[in-house]
Amino acid sequence: MSFELIQEIPSPSEIFKMMPLSEAGKKIKTQRDQMIRDVFEGKDDRFILIIGPCSADNETAVIDYVNRLSVIQKEVEDKIVIIPRIYTNKPRTTGEGYKGMLHQPDANKKANMVEGIKAIRQLHIRSIEETGLSCADEMLYPENYAYLEDLLSYVAIGARSVENQKHRLTVSGLEIPVGMKNPTSGDITVMLNSIQAAQAGHTFIYRGWEVKTSGNPLTHAIMRGSVDQHGRNYPNYHYEDIMHLIKLYEKRDFACPAIIIDLNHANSNKRFGEQPRIAREILRNRHYDADLKKYVKGLMIESYIEEGNQPVDGGVYGKSITDSCLGWKASEELIRTIAEKV
């Protein structure tokens with residue numbers, strides 16, 4: 001075997017002892033979890049916004065950004081529940097490029113996974129304790145969820161991971177909402193099968209243990225568009241797309257049926273500036289059809305302090321080093337527009 005042992009990774013319990021969440025932070029997390037759960041269970045009709053940078057690459061800038069979200073959350077709290085995106089793991093189609101803070105706590109230095117674990121935990125703790133907002137992260141590596149299990153209020157399973165058996169089984173043991181994205185091919189059946197698997201209970205191996213789960217009824221769909229064999233993007237946020245998904249949902253009789261729509265990626269044809277226009281169309285359709293309003297619980301938005309993106313070594317504060325994002329001014333306007341029209 002060609003594996004080179006670099007360093008031993010501390011266990012989650014060791015990291016928890018080293019970097020605990022405060023009692024005040026635990027209280028915030030508990031309250032936030034219940035509030036978000038109520039939306040997905042249909043007990044609260046507020047709209048979910050999962051919003052933030054494509055990747056969390058700089059602790060200072062991310063906390064600055066989440067603080068800005070916390071201010072506007074107070075302004076729109078009667079209509080919207082904001083869940084900041086703090087995505088610390090980044091899937092790479094070819095395996096090349098920046099893989100997130102878990103790998104590189106400093107994007108301009110070499111990988112260091114132990115320091116990465118500490119960095120992502122610190123970032124999520126700071127968000128809860130300093131801004132009052134618990135956040136979302138993407139589950140790229142199922143076993144690494146254990147390092148953040150006391151901090152996250154939402155988890156996304158990406159388009160490249162949604163068909164993976166370990167992801168599905170791990171999600172079945174989570175007690176927070178988990179969004180399953182449609183695969184890049186756009187095959188809705190794959191996404192629905194993933195939701196069905198995650199809502200069921202399983203017995204499997206997890207972190208050296210045989211474990212048993214009871215299923216996660218809060219698992220739901222995220223529509224992110226598709227890409228064909230020629231690399232062309234196709235949206236799936238239009239009225240007809242969502243109504244088709246609702247019909248398929250009803251045939252499966254899932255618990256807590258819900259849909260989140262990703263405004264970027266293939267839905268925007270990678271044109272980040274289209275996100276506000278797409279949001280307006282979805283909001284109009286929610287008012288047009290009661291079923292669509294019942295199912296579409298929120299939006300996923302890529303947004304940061306500065307619009308666009310830059311190379312890893314670009315050096316612009318608060319600007320994405322992966323996918324392009326809306327800037328803060330446009331994001332603030334969009335949040336207020338959604339609050340008015342939802």
Handout entry: Loop sites in the range 252-342: trypsin sites (Lys or Arg not before Pro), DSSP, at most 15 other Cβ within 10 Å
Key = 270, 271
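Just to confirm, what accessible area per residue do you get for the chain at 1.4 Å probe, in whole Å²?
It amounts to 45 Å² per residue over the chain.
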Practice task
Just check the chain against the gyration tensor rule for me: Cα atoms, a ≥ b ≥ c as the square roots of the eigenvalues, rounded for a/c under 1.5, and otherwise prolate or oblate depending on whether a/b exceeds b/c.
Solution key: rounded
Practice task
Find me the longest stretch of the chain that has none of the exposed chymotrypsin sites (Phe, Trp or Tyr not before Pro), where exposed means in a DSSP loop (not H, G, I, E or B) with at most 15 other Cβ atoms within 10 Å.
Solution key: 4-316
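Taking loop as defined by DSSP and a crowding limit of 14 other beta carbons within 10 Å, which trypsin sites (Lys or Arg not before Pro) in the range 7-90 fit?
Counting only loop positions with at most 14 other Cβ atoms within 10 Å, the trypsin sites (Lys or Arg not before Pro) in the range 7-90 are 43.
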Practice task
Hand me the trypsin sites (Lys or Arg not before Pro) from the range 188-241 located in a DSSP loop with no more than 10 other Cβ atoms within 10 Å, in residue order please.
Solution key: 232
Practice task
Could you list which residues have their amide H under 5 Å from that of residue 48, counting only those 5 or more apart in sequence or on another chain, with H placed in the peptide plane?
Solution key: 81, 298, 299
Handout entry: Protein accessible area in the range 1-59, 1.4 Å probe - carbon and sulfur %
Key = 53
Fill in the blank from the handout: In a Gaussian network model of the chain with springs linking alpha carbons closer than 10 Å, the residue among 291, 228, 38 that fluctuates most is 228
Handout entry: Surface share of carbon and sulfur [accessible, 1.4 angstrom probe, percent] for the range 63-185
Key = 44
Exercise for the section: Measure of size requested: the Rg and Dmax of the range 190-295, with Cα atoms as the atom set and Å as the unit; please supply both. Expected result: 16.4, 50
Practice task
Out of all DSSP beta bridges with both ends in the chain, state the antiparallel percent to the nearest 5.
Solution key: 20
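The values are calculated or read from the model by the stated rules, or taken from the named source; none is laboratory data. All values reported here derive from a predicted model rather than from experimental measurement. FYI the Cβ positions are ideal-geometry reconstructions off the backbone, even for glycines, and counts take in every protein chain you see. With ligands, DNA and RNA removed, areas are computed over all heavy atoms of the protein, side chains included. Shrake-Rupley method; radii C 1.70, N 1.55, O 1.52, S 1.80 Å.
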